[in-house]
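Structure record follows, encoded as structure tokens.
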Amino acid sequence: MIELRQLSKTVQMGGRPLTILHPLDLHVPRGQFLAVMGPSGSGKSTLLGLMAGLDQPSSGSVAMDGVSMTDMDEDRLARFRGDTIGFVFQSFQLIPTLTARENVQVPMEIMRRPGVVERADTLLAQVGLSERAGHYPAQLSGGEQQRVAIARAFACRPPVLLADEPTGNLDSETGSQIIDLLKRLHRDEGTTLVLVTHDPQIAEAAERSLQLMDGRIVRDTAPGAGEGVSGESGKEARAV
Amino acid sequence: MSRFVLPMLWREARGSWRRLLLFLLCITAGVGGLVSVNAFSENLRRTIRLEARSLMAADIVLRGTRPPGAEEKAALAELSAQGAQVVASVQFVTMVRTGGGRTGGGEGVQLVSVRGVGDGYPFYGTVETASGRPFRELLTEEGVLVDEALLLKLGVEVGDSLEIGQRTLRIADVLVKEPDSPVQVFRLGPRVMMTEAAAHSTGLITPMSRIRYSTMIGLPPQADAAAVAENLVERLKDSYVRVDTVERAQPQVTRFLERLTDFLSLVGLAALLLGGIGVAGAIRVFIAQKLDTLATLKCLGATSTRLLAVYLLLAVLMGALGSLLGIAFGFASQMALPALLGDLLPVQLELTLPWRSVGEGLLFGTVTTVWFSLPPLLSLRTIPPARVFRREVEPPSSPHTRWLAPLRVGVSMLLLAALLVVWQAGFTHVAGWFLLGLVGTVAALYLGAMGLLLALKHLPKPGNFSLKQGLMGLYRPGNQSAAITVSLGLGVLLLLAVFLVQRDLVRQITVNAPENQPNLFFIDIQPQQVQAFTEVLSEAGLETPEPIPIVRGRIVGMKGEPLKLSSVEDDHQRRHLRFEYTFTYRGHLEDGERVLEGSFGKDPNISGAQVSVSDWFAKQSDIKVGDRLTVDIQGVRIPATVTSIRAIEWTNRRANFSFVFLPGVLEEAPRMYATAVRVNDLAERTALQKAVVTRLPNVTALDVQMVYNIVQSFMDRLSLVVRFMAGFCIAVGVVILLGAVATTKFQRIREVVLLKTLGATRGMVARVLAMEYLLLGLLAGAVGAVAAGVFSWGLVTQVFDGQWDIRPMSYLIAWLATAVVITSTGLVSSLDILVKKPLEVLREE
């Protein structure tokens, strides 16, 4: 489903090149729930951003469903994202001037999907927010906002869902509710789910987890993947 | 596109309308100014077009400085034979004295403008009298109509008698309205209307007097007025009379008003363009605050093109809405213009909202909004979607982007200004100069503002806490300090410069300064009256200065050839050649005269008359030393050789002459004398006029004070109207300020909350805010005042050739007033920031 080949990212920091992500290969099969772990600055978010085509890699390629995203221009990428990828962010990123329902509607409107209002209401019901559909983000609690964001992420039935520390701004109980919700939707919709987290407990709930350190994969729980391969060889981590 | 763009558009408008409202008002204030003037001007033009015939009181009028000659008479006879009616009218300035048998008890002399009208006047329009009686019954051999002003000035009443020249006439009624001379402002004295026969019977109409002759023609209803007029124009193309037709001629005041409204609508455009600068800044801030949303939308699959479509449509909508409000505002505020123009207006206006003005307002307002929104909106293409993950991923920025934004706005403004100004004024010199002036002024104001802001930033930080914080507030991102300074500065400039120029010009003609200049002129003294005149003056204890001989004549030949007016291509030049000029003769140069070419002394090698011409006339008619001119003095043609060209200081308040003949030729020509004296006391001046006029009824006295009053009241009117327009620029500045306060509100609240958390009291916070606005106001006021100084200096010394005065108090007042306006506006709009509790704010976030 997701295929990363020799993907790396280097930025200029104070005039010196700084490698955030060393070249790595990664394959995520369809329907897998993958957790990406690692301390701050280990390159988790960069990896997620590159996967989504939100950032240009310094080398290597990203392919989804066999389609290479690396050579697309910005507008094609935008359309491709709308079709293929759903996002959940740590800071929710709801549009403050839109109601909960409208926030869920937006991606479907962008992609010109039919039955926008009904689908939005169904999704809000699924995340348990039917009564709050007309509220603005500022009128919702953090957990509620994240549930709206999840409903929005699933709106276009994307085959891939990328979640960047979705519980990072929530207390642990609300956080685990959110994870349960994500898992349920992942199961019901058959979505490939890539989730970046600090929390080992959440990682344990995943089918597979990656550990990143200083821009390298140091552990991969996938069957057949050796632990710390990339960290020690300094070249690559291979996961199948 | 509509599935996403339109709902998004609606939601954005709904969510941000409070912030958008202020941007919208920038456009509203600008469009308001423009529409107000354009609608008014359109109404004025329409009314004048509708009333064109009654404003002429005839179909065709021949105007000249001499009675119709043979050529004109032949043409008129032909027209009469075809059924046209012809009525003569004369007009001249003279003195009236109160006669015997008064009931009002007043006594004195007064300069008046006499009009004698023949039977049949007016063909169109009506003469209105105070009693409502038909004026024809009132105008008799004895009876005259007078302006109410004359009754007030002389203290006489209807029924009293007046002495004019050799006649005693009776005031039959008060004249309320004269159709073809509706505006009194430009008249030297109140009107006295009488029959043409009565006017002739005063004995004041002589070949040497300054008389304006009009021959008014009323065509039969079936006649093709345009064709007849065209025929007549062709037939009289070489005649010295001017042929005015309904199509071609407009009252002078109309031409003046059209020029005035043209100028004012350019000022309106300036206000609109300033509004555009406000919009550009506002959109930039708006987009900056939307960065997260925009990045999120990009993550959700929205392309830059569609996002651009959303915000561009939003700009169109805002612009259109702002313009509509502006149109309403402009329509309402044009109501003020008739009152401001007062008696300058020749017609009663019915103020409508012409479609043309609506269209222009909507178009200009929307185009301006979109145009100025484009540069900041285009930048949304560069917002990286990865911003949702990593805040530090900002659009690429470098030092030159700081300059790029204002530069883009500047270039946008220049292009749009060029387009709009040309639309409004056409490809004319005025348009070009205005454009240049506007761009130059705005650039100067902007650079001045930026320079001061930069200088303040680099000064050592003040120790005072409020002052320091306030100063730092000026540089808060999104504050639009420079845009506010430019708009308010331009408003201040207009207001102050108009005031300063008015003061300097008025002072130049005031009676008291300069000292020792004459302030009372006597003209039309006949040669045989010089002795008597000298006696009257010496009785009053005055010495009579050497009387100046005046001979009236016209130019009939140039460079040895007979002058054919129809071959003069330049309208302006032709108009001047039609003048009846005043010639004098003397053998010396006066103070303030300087020979530029040739020599003033008599050249013995040249036979015949020798004349010195002014540099103005020489340039106008391309005359050089050695050229020959022929003048016509009451039918006698005199050839003369130009022996010198003189520069004249026209402002020296003497009798200046374009043509000075060397002695020996004109002494035998019919002539009048003029002289001037200085009498400081007003009562003495009045008494002297009375003494002269009682003894010599045909002599006319011109009091400089009276001319001063006329100019003064005229300038007052003008400056009122210009101030009215300056008000729109100020309004734009205030709206941008309000907008800037609103857009930076969240930032301010955070700052205030922080200050409060750190222990600052409300008073302290208020002082910080007040200090920021005060600094901004002082900045705008200073920039505007300095620019006004430069501007008025240029206008007074370079254009009006006058003396410019430094008036420190005026600048100080303008400066402080600006500071007060800005400080109070800023504080009032920041009240809610002040009263908010920190917790409320934190919860809102």
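The values are calculated or read from the model by the stated rules, or taken from the named source; none is laboratory data. As the structure is a prediction and not an experimental result, all values here were calculated from the model. For neighbour counting, all protein chains shown are included, and Cβ atoms are generated from backbone atoms with ideal geometry for every residue, glycine included.
So here's what we get for this one:
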read-out: Selection count where residues are within 21 Å of B:Arg97 (Cβ to Cβ) and assigned to a strand (DSSP E or B), scope the range B:122-155; value: 4
read-out: Qualifying positions in the range B:539-590 - touching a Lys or Arg at 6+ places or on another chain (Cβ under 8 Å), touching a residue at least 60 places away in the same chain (Cβ under 8 Å) and assigned to a loop (DSSP other than H, G, I, E, B); value: B:Lys559, B:Gly560, B:Arg578, B:Phe579, B:Glu580, B:Gly587, B:Glu590
read-out: Candidate set from the range A:1-42 (those that are on the phi > 0 side of the Ramachandran plot and touching a Leu at 6+ places or on another chain (Cβ under 8 Å)); member that is surrounded by the fewest Cβ atoms within 10 Å (Cβ to Cβ); value: A:Gln6
read-out: Candidate set from the range B:220-245 (those that are touching a Lys or Arg at 6+ places or on another chain (Cβ under 7 Å) and surrounded by 20 or more Cβ atoms within 10 Å (Cβ to Cβ)); member that is farthest from B:Leu34 (Cα to Cα); value: B:Tyr240
read-out: Residue count, the range B:267-297 (criterion: away from chain A (no Cβ under 14 Å) and buried (at least 24 other Cβ atoms within 10 Å of the Cβ)); value: 16
read-out: Search result, residues across the range B:298-316 that are within 20 Å of A:Leu54 (Cβ to Cβ), touching a residue at least 40 places away in the same chain (Cβ under 8 Å) and either small (Gly, Ala, Ser) or at the interface with chain A (Cβ under 10 Å from one of its Cβ atoms) (or both); value: B:Lys298, B:Cys299, B:Ala302, B:Ser304, B:Arg306, B:Leu307
read-out: Residue within the range A:121-140 that is polar (S, T, N, Q) and either closer than 20 Å to B:Lys298 by Cα or assigned to a loop (DSSP other than H, G, I, E, B) (or both) present; value: no
read-out: Any hit, the range B:353-360, residues being outside any helix (DSSP H, G or I) and within 29 Å of the chain's Cα centre (by Cα); value: yes
read-out: Residue identified as assigned to a loop (DSSP other than H, G, I, E, B) and either surrounded by fewer than 21 Cβ atoms within 10 Å (Cβ to Cβ) or in contact (Cβ under 8 Å) with a residue 12 or more places away in the chain (or both) among B:Ile623, B:Ile638; value: B:Ile623
read-out: Contacts under 6 angstrom Cβ, first residue in the range B:12-36 being more than 14 Å from chain A (Cβ to nearest Cβ) and farther than 30 Å from B:Asp262 by Cβ, partner at pLDDT below 85 and buried (at least 24 other Cβ atoms within 10 Å of the Cβ), 6 or more apart; value: B:Leu22/B:Gly739
read-out: Helices (runs of 4 or more DSSP H) fully within the range A:1-116 counting 3 or more residues that are within 14 Å of chain B (Cβ to nearest Cβ), modelled with pLDDT under 85 and farther than 30 Å from A:Ala138 by Cα; value: A:74-84
read-out: Some residue of the range B:317-330 being within 14 Å of chain A (Cβ to nearest Cβ), under 24 Å from B:Ile484 (Cα atoms) and at pLDDT below 90; value: no
read-out: Identity of the residue in the range B:352-373, surrounded by 17 or more Cβ atoms within 10 Å (Cβ to Cβ) and either of a type in the set (A, V, I, L, M) or under 30 Å from B:Arg187 (Cα atoms) (or both), that ends up nearest to the other protein chains (Cβ to nearest Cβ); value: B:Val370
read-out: Considering residues of the range A:43-59 that are buried (at least 22 other Cβ atoms within 10 Å of the Cβ) and hydroxyl-bearing (Ser, Thr, Tyr) only, the residue farthest from A:Arg76 (Cα to Cα); value: A:Ser45
read-out: Some residue of the range A:169-184 being surrounded by fewer than 17 Cβ atoms within 10 Å (Cβ to Cβ), in contact with a helix residue (DSSP H, G or I) (Cβ under 7 Å, 6 or more places away or on another chain) and within 13 Å of chain B (Cβ to nearest Cβ); value: no
read-out: Verdict on B:Ser201 being among the polar types (S, T, N, Q), crowded, with 18+ Cβ neighbours inside 10 Å and over 23 Å from B:Thr47 (Cβ atoms); value: yes
read-out: Verdict on B:Thr215 being among the polar types (S, T, N, Q), touching a residue at least 40 places away in the same chain (Cβ under 8 Å), within 23 Å of B:Asp180 (Cα to Cα) and in the same structural domain as B:Ala75 (by TED's automatic domain parsing); value: yes
read-out: Restricting the range B:443-454 to residues that are modelled with pLDDT of 85 or more and out of contact with any helix residue (DSSP H, G or I) (no Cβ under 8 Å at 6 or more places or on another chain), the residue that is nearest to B:Leu414 (Cα to Cα); value: B:Leu447
read-out: Whichever residue in the range B:573-596 is touching a helix residue (DSSP H, G or I) at 6+ places or on another chain (Cβ under 8 Å) and surrounded by fewer than 17 Cβ atoms within 10 Å (Cβ to Cβ) and, among such residues, is modelled with the highest pLDDT; value: B:Leu596
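Table: residues versus (1) under 30 Å from B:Leu776 (Cβ atoms); (2) in contact with a helix residue (DSSP H, G or I) (Cβ under 6 Å, 6 or more places away or on another chain); (3) aromatic (Phe, Trp, Tyr).
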position: B:Arg695; (1), (2), (3): no, yes, no
position: B:Met706; (1), (2), (3): no, no, no
position: B:Ile710; (1), (2), (3): no, no, no
position: B:Val734; (1), (2), (3): yes, yes, no
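Condition check ((1) surrounded by 24 or more Cβ atoms within 10 Å (Cβ to Cβ); (2) in contact with a Leu (Cβ under 9 Å, 6 or more places away or on another chain); (3) part of a helix (DSSP H, G or I)) across all residues:
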position: B:Val5; (1), (2), (3): no, yes, yes
position: B:Glu12; (1), (2), (3): no, yes, yes
position: B:Leu21; (1), (2), (3): no, no, yes
position: B:Leu24; (1), (2), (3): yes, yes, yes
position: B:Val31; (1), (2), (3): yes, yes, yes
position: B:Leu34; (1), (2), (3): yes, yes, yes
position: B:Phe40; (1), (2), (3): yes, yes, yes
